[in-house]
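The values are calculated or read from the model by the stated rules, or taken from the named source; none is laboratory data. Please read these numbers as outputs of a predicted model, since none were measured by experiment. So basically every Cβ, Gly included, is an ideal-geometry build from the backbone, and we count neighbours across all protein chains shown. Accessible surface areas use protein heavy atoms only, side chains included; no ligands, DNA or RNA. Shrake-Rupley method; radii C 1.70, N 1.55, O 1.52, S 1.80 Å.
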Amino acid sequence: MSGGEGSNGGSAAAAAPPEPLEWRFSQVFGERTAGEEVQEVDIISAIEFDKTGDHLATGDRGGRVVLFERTDMKHNGCRKDLERTDCPTSRHPEFHYKTEFQSHEPEFDYLKSLEIEEKINKIRWCQSANGSLFLLSTNDKTIKLWKVQEKKVKKICDVNIDTSNTSTNGSVPSTSTYLKQYLPNGDCSKGSQDFLNNDFPIPSGGIPSLRLPVVVSSHETSLVARCRRIYAHAHDYHINSISNNSDGETFISADDLRINLWNLDVSNQSFNIVDVKPTNMEDLTEVITSAEFHPTHCNLLAYSSSKGSIRLIDLRQSALCDTHAQLFEVHEAPGSRSFFTEIIASISDIKFSKDGRHILSRDYMTVKLWDINMDSGPVATFPVHEYLRPKLCDLYENDSIFDKFECCLSGDGSRVATGSYSNLFRIFGCAAGSTEATTLESSKNPMRKQVQTPSKPSRSLTSLTRAVRNGPDSPGIDSNGNAFDFSTKLLHLAWHPTENSIACAAANSLYMYYA
């Protein structure tokens, strides 16, 4: 590695890995007070920034979707002009509550005697149009397309009473005095109809007693969320992923055994493009755990499996993609297989980098970065839960080993992040030569449990493993040497698409950090 500090321009910065970021607390929404009990329906289950980073959406187990809007750059000139300037602004991303709506309700499938939870599994933003926001949200069975738009509030400011034609005592002449000769008994003959249409003497000031409201649009606006389409009855198993295509017209939804392709404008028809269901279910060896479209190539998508493999498929090959274009997996070392091997190898989330060159995957123990042009193995592996390896039996007994942690990449692809227990999340530098490995806590003081990061992450892992082994009866030790708590886990987080800003969910609280 070059000894330069990266102060001599782009060439030096490219040669030396970037310095570790210093993360600061920005905001929190829904912060719990001490001793406050969290309601199950309020726990956040999905987080997603839109492509611009100006809007953030969260979904919870109660079926609600909450939208937040960025405000710190709203009144400070053109954002693109600010981004072009060399001098960074002192402001950090600030968001405020925009609106919320009930996306899904609890349902009951009477044919299968099955309750369908309202919990939001995934949220994906669609392309905005005419100032309106569009997003997809899904629970276990049903996907919905929502349109959120601002509408001006209309108010009645006046009525068209012409006071000049009123009588001296302020009374208004009855309309019947004008219409009496033409509309006897509320009806009229054919001749009188013609006369009414052509020669009815309407006063110049109008009919004073015909009170028509004058409706004007005020400066006040209200946000209205409307469900535009419902995509249902296409999945026999729980939906775990939805992903928009770069063509702006289609999206995929994936459950344990199938991936379906939808057109945003057609809600009553989908096409099954991946089907891993065997003829005999006893022969089932793996299930689909996550799926995502390539960010720029509309014909490519990747999906992961419970065996720890990632398959890249090309939709141009065939209507039903039974074969994959590329397979990414880690080969087991001989004699290393155990009862937990396949469980901890299961991939819970995958994400493409912004340029589509890399795929980030999260299994229980690690985060792996893959180059789509190199299927021999991951280009980088970041240990997250290595210190829990001696505790796998306990994790299996309390079902924590089946927790599904998400992962995300920074907009420039130089860093990755994922969650852990005790409401901690880890950030790793993936640039060449980088040793950045930061542990933060989702609280107003993210560095509270932080210790000095060693120069080589492998050393810390050795000491952590040793610490766990020294206390087999202890509740456990996290990556900073503190007792970890399996009941508090940070499963969901998202990285801002253009800035070093992270939003993460700790139970019902949304924390935001910047660097």
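Taking the range 410-419 as the range and being under 21 Å from residue 122 (Cα atoms) and surrounded by 22 or more Cβ atoms within 10 Å (Cβ to Cβ) as the test, the residues that pass are 410, 416, 417, 418, 419. Considering the range 218-243 alone, what residues qualify as being open to solvent by 80 Å² or more (accessible area, probe 1.4 Å) and modelled with pLDDT of 95 or more? Result: 226, 228, 230, 238. Selection of first residues in the range 25-40 that are closer than 17 Å to residue 66 by Cα and of second residues that are of a type in the set (Lys, Arg) and open to solvent by 50 Å² or more (accessible area, probe 1.4 Å), restricted to Cβ pairs under 7 Å at least 6 apart or on distinct chains, gives the following pairs, ordered by first then second residue: 28/444; 40/61. Those strands (runs of 3 or more DSSP E) of the range 355-434 in which 1 or more residues are closer than 24 Å to residue 509 by Cα and small (Gly, Ala, Ser) occupy 415-419.
Within the range 303-321, the residues that satisfy the criterion of being assigned to a loop (DSSP other than H, G, I, E, B), open to solvent by 10 Å² or more (accessible area, probe 1.4 Å) and free of Cβ contacts under 8 Å to residues at least 40 places away in the same chain are 307, 316, 317, 318.
Here is the figure for the range 330-353: residues that are in a loop (DSSP other than H, G, I, E, B) and modelled with pLDDT of 95 or more total 4. When the residues of the range 355-390 are filtered to those that are modelled with pLDDT of 95 or more and basic (Lys, Arg), the one that is least open to solvent (accessible area, probe 1.4 Å) is 362. Set side by side, the residues 271, 251 differ, and just one is surrounded by 19 or more Cβ atoms within 10 Å (Cβ to Cβ) and among the aromatic types (Phe, Trp, Tyr), which is 251. All conditions but one from (1) open to solvent by less than 20 Å² (accessible area, probe 1.4 Å); (2) touching a strand residue (DSSP E or B) at 6+ places or on another chain (Cβ under 9 Å); (3) modelled with pLDDT under 70 apply to residue 407; the one that does not is (3). Looking at this structure, is residue 279 in contact with a Ser or Thr (Cβ under 9 Å, 6 or more places away or on another chain), open to solvent by 40 Å² or more (accessible area, probe 1.4 Å) and part of a loop (DSSP other than H, G, I, E, B)? The answer is no for residue 279. With respect to residue 371, is the statement that it is touching a residue at least 12 places away in the same chain (Cβ under 8 Å) and within 25 Å of residue 121 (Cβ to Cβ) true? In short, no. Does residue 402 meet the test of being more than 20 Å from residue 244 (Cα to Cα), within 27 Å of the chain's Cα centre (by Cα) and loosely packed, with under 14 Cβ neighbours inside 10 Å? Taking the combined requirement at face value, the residue satisfies it. You will find that of 290, 306, 246, the residue that is over 26 Å from residue 64 (Cα atoms), touching an Asp or Glu at 6+ places or on another chain (Cβ under 7 Å) and at pLDDT 95 or above is 306 and no other.
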